[in-house]
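*Asks:* After the structure tokens below, expect a handful of questions from me.
The values are calculated or read from the model by the stated rules, or taken from the named source; none is laboratory data. In this text, all values refer to a predicted model and were calculated from it rather than measured experimentally. With ideal geometry, Cβ positions are generated from the backbone for all residues, glycine too; neighbour counts draw on all protein chains shown.
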């Protein structure tokens, strides 16, 4: 997975000093994804696109002020990950990841902490596992409807709390890895995970 990320980034700039460590793909596998390495890799590609747009890339060493390249590379990583999910016929998975990207964009607009984004990434990763196990995609995606309603009600939305309240709907065999990630999102910045 790390080699694939770095290989994809070579078109945009030099590789990183250290090999990238999987984040949400690793959580996907830990939550019992049944060995679906391809989906785990696709999640990592989408996450890398997000990192290039909003944070720090793990796959390519770009100057912070090289915004054009960061945006282009981010779009390419998003597309590669979504294409992989779509190629397996997982329309609901593409929809869930698209809702995540829209929500993260909104969180950047309201200047929420990155802990809020991380909470949504954790929930979405668990949501993909749940959908693949048969949970209704509408039920999984309800958290994004609630988040959007919260944005309309006011500027402060308790994202990690919202995700934690929605977690039981997912019907995960073992929700402990998800709850660990949600707790970490709050601990990273407890005053601003909104």
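*Asks:* Checking residue 41 against (1) more than 23 Å from residue 114 (Cα to Cα); (2) at pLDDT 95 or above, which single condition isn't satisfied?
*Replies:* Condition (1) is where residue 41 drops out.
*Asks:* For the range 151-163, give me each residue that is touching a helix residue (DSSP H, G or I) at 6+ places or on another chain (Cβ under 7 Å) and part of a helix (DSSP H, G or I).
*Replies:* Keep residues of the range 151-163 that are touching a helix residue (DSSP H, G or I) at 6+ places or on another chain (Cβ under 7 Å), which gives 151, 157, 159-160, 162-163.
Selection gives 151, 159, 160, 162, 163.
*Asks:* Given 72, 100, 52, which one is closer than 21 Å to residue 172 by Cα and in contact (Cβ under 8 Å) with a residue 12 or more places away in the chain? Outline the logic, then answer.
*Replies:* On the way: 72 fails: closer than 21 Å to residue 172 by Cα; 52 fails: closer than 21 Å to residue 172 by Cα.
Result: 100 is the single residue among 72, 100, 52 that is closer than 21 Å to residue 172 by Cα and in contact (Cβ under 8 Å) with a residue 12 or more places away in the chain.
*Asks:* Quick one: which residue in 120, 139 is assigned to a helix (DSSP H, G or I), farther than 18 Å from residue 33 by Cβ and within 16 Å of the chain's Cα centre (by Cα)? Break it down stepwise before answering.
*Replies:* Numbers: 139 fails: within 16 Å of the chain's Cα centre (by Cα).
On inspection, the qualifying residue turns out to be 120.
*Asks:* Moving on. Going through 166, 112, 184 one at a time, which residue ends up being out of contact with any strand residue (DSSP E or B) (no Cβ under 7 Å at 6 or more places or on another chain), crowded, with 17+ Cβ neighbours inside 10 Å and in a helix (DSSP H, G or I)? Show your work before the answer.
*Replies:* Details: 112 fails: in a helix (DSSP H, G or I); 184 fails: crowded, with 17+ Cβ neighbours inside 10 Å.
That would be 166, the only listed residue that is out of contact with any strand residue (DSSP E or B) (no Cβ under 7 Å at 6 or more places or on another chain), crowded, with 17+ Cβ neighbours inside 10 Å and in a helix (DSSP H, G or I).
*Asks:* Restricting to the range 95-109, name every residue that is modelled with pLDDT of 95 or more and buried (at least 19 other Cβ atoms within 10 Å of the Cβ). Full working, then the answer.
*Replies:* To start, the set of residues in the range 95-109 that are modelled with pLDDT of 95 or more comprises 95-105.
If the condition is that a residue be modelled with pLDDT of 95 or more and buried (at least 19 other Cβ atoms within 10 Å of the Cβ), then 96, 97, 99, 100, 103, 104 are the ones that fit.
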